[in-house]
Each structure stands twice: as structure tokens, then as C-alpha cells.
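Right, one structure below, let's go through it.
Readers should treat all values here as calculations from the given coordinates under stated rules, not as data from a laboratory. Here the structure is a predicted model, which is why all the values come from computation and not from measurement. Backbone-built Cβ (ideal geometry, glycine too); neighbour counts: all protein chains shown.
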Amino acid sequence: MIEYGKKTTAILGLLFLDVAFHAMLNHAKTSAEAYTYLGVLAIIRILILISIFVLVWDTVPFRFGLVGILCKKMTPLAFTLPVSTLLSFAMALARGSLLSEGYKQASLWDYGGFQTLFYFDYLGCILFYLITFFTVFKLSKVKYYQAGDWIGKASANKR
């Protein structure tokens, strides 16, 4: 089994790659570049999701079927991951579409709604990065890997 430190490093590395490719996407000069970066971002987001699942795999709530309790702890991440991903995809598709129609990179900002989409995309990404960062470190607490408290909670919920 992979240890917690390596899993955390992998997730943080993927977050760094996501930030880098997101920045490159917003400087794409052609629609082909924008769509290429969109594909890379999609792969990175899938890898982040898989990495978080692998991180959760060793926790006591997951091993003992207390997934409902674990999901309550991860609700912000479960919300921000798809919302941020959809906003990033919308931004990439808008950029690619406008560039393929002949808009220059500087004139994209004059297109109605582009600035709004840009700011919502960045706000979604910032929230996603922060929530992922804090979730990963929340899962570093020893209580997620020791059965004592969780078994008591599970038996209290069944009564």
C-alpha cells in the first residue's frame, strides 16, 4: 500500500499541474492550443479524483463501510470539484470557439460575458484548490486511521 505522504505529494503535484495548465489555457493563442489544454485539464482532474479516492481508501470509515460519514466530511470537495471542472471546461470551450472564429487573444475580453466567465472560472478554481488542499490535510489526522471512535459512532447510528 502506498503511504500517506506519497499520496499527498501526488495530489499536491497534480494540483500544481492543474494550476499550470489552467494558466496556459488562458494564454492559448489558437483554438487547437485551447482544446489541447482542455484535454490535459480533463485528464488531470480525473487523476485528482482517483488520487483522492486512493487517499480515502485506507481510512477507517471507508474500510468499515461508513462512507456516509466520510462523505459528510468531504461535501465541500464533492461540490467544488464538478463545479470548478464545468467552469474550466466552459471557459476553455468559449476561448477555443472564439479563437476559431477569428478573434485575437486581446479582443476576447471585448466579447460579452467572457470576463464574467473568466472570473467565475478563477473563483471556482481557487475554491477547488483550497478545499482540496484542506481536505487532504484533514485526512492526515490520526483519527481517520484508528477504529476506536468510528466504531462507536457507527453503533450509535444503528440504534
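Miscellaneous remarks
- A convex hull fitted to the Cα coordinates of region 14-137 yields 89 cubic angstrom per residue.
- HN-Hα J in Hz across region 21-33 - Karplus 6.51, -1.76, 1.60, θ = phi - 60°, x for Gly and Pro: 6, 5, 5, 5, 4, 6, 10, 5, 9, 10, 5, 4, 4
- Under 5 Å from the amide H of Thr59 lies no amide H of any residue 5 or more positions distant or on a separate chain, with H modelled from the backbone and absent for Pro and chain starts.
- The GluC sites (Glu not before Pro) found in region 1-102 that occupy coil by DSSP, while having at most 16 further C-beta atoms within 10 Å, are Glu3, Glu101.
- Of all aspartates and glutamates in the structure, those lying under 17 Å Cα to Cα from Lys73, and not within fewer than 8 positions of it along the same chain, are Asp58, Asp149.
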